[in-house]
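The structure appears right after this line, and notes come after that.
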Amino acid sequence: MNTSGEAHTARCACGACTITVTAPPQLHGVCHCDHCKQRTGSAFGISMYFKRSDVAAIEGDTKVYAFHHERQNHDQERHFCARCGTTLYWTLSVLPDRIGIAGGCFDGAPFGEPNMSVTHGKKFGWVGLPDAWRVAMD
Ligand SMILES: [Zn+2]
Ligand SMILES: [Zn+2]
């Protein structure tokens, strides 16, 4: 565990579950896939991927939803708060050294603006994104 950097904590809606990181994300994007729309109930998910070694603490009682993501061809384990149901963090079989955290769960957007649009082909037409963002996994 790395506790040298500035710590930022993501938390679920009820506050029972938290995950704290000590460095900025390696990847920071929004994802328009059906799973992200369904898990958030919104137009896209904000996905931040951190090195596992930059995770300083994980607290609270989560349940796990494990499944195979057909469109992106990987196994995923999503940890959601057992009390309020917020998906707080997840792991992907294709990124074994990383942990994904739901970007909206951090207070005050400490890591600024995303720079990548994932599964861009499934973006709702009314969602406008900055031209500078990289399109990944169309
Ligand atoms: Zn909760
Ligand atoms: Zn997605």
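For the reader, a short list of remarks on this structure follows.
- Wholly within region 57-138, strands (runs of 3 or more DSSP E) carrying at least 3 residues that are within 14 Å of Arg11 (Cβ to Cβ): 74-81, 87-92
- Filter result for Ile19 (more than 12 Å from the chain's Cα centre (by Cα) and part of a strand (DSSP E or B)): no
- Residue within region 115-122 that is closer than 16 Å to His35 by Cβ and touching a Leu at 6+ places or on another chain (Cβ under 6 Å) present: yes
- Summed over region 1-40, the residues that are away from ligand 2 (no atom under 13 Å from the Cβ), modelled with pLDDT of 95 or more and among the small types (Gly, Ala, Ser) give a count of 6.
- For region 20-57, the set of residues classified as in contact with a Leu (Cβ under 9 Å, 6 or more places away or on another chain), closer than 20 Å to Gly85 by Cα and either among the aliphatic types (A, V, I, L, M) or open to solvent by less than 10 Å² (accessible area, probe 1.4 Å) (or both) consists of Met48 only.
- Residue within region 87-100 that is within 14 Å of Thr18 (Cβ to Cβ), surrounded by 14 or more Cβ atoms within 10 Å (Cβ to Cβ) and among the small types (Gly, Ala, Ser) present: no
- Residue pairs meeting the criteria (Cβ under 7 Å; at least 6 apart or on separate chains; first among the small types (Gly, Ala, Ser), in region 77-100; second in a loop (DSSP other than H, G, I, E, B)): Ala82/Asp61
The values are calculated or read from the model by the stated rules, or taken from the named source; none is laboratory data. Keep in mind that this is a model prediction, so the values were computed, not measured. Using ideal geometry, Cβ is built from the backbone for each residue, glycine included, and neighbour counts are taken over all protein chains shown. These accessible areas exclude ligands, DNA and RNA; they are computed on the full protein's heavy atoms, side chains included. Shrake-Rupley method; radii C 1.70, N 1.55, O 1.52, S 1.80 Å.
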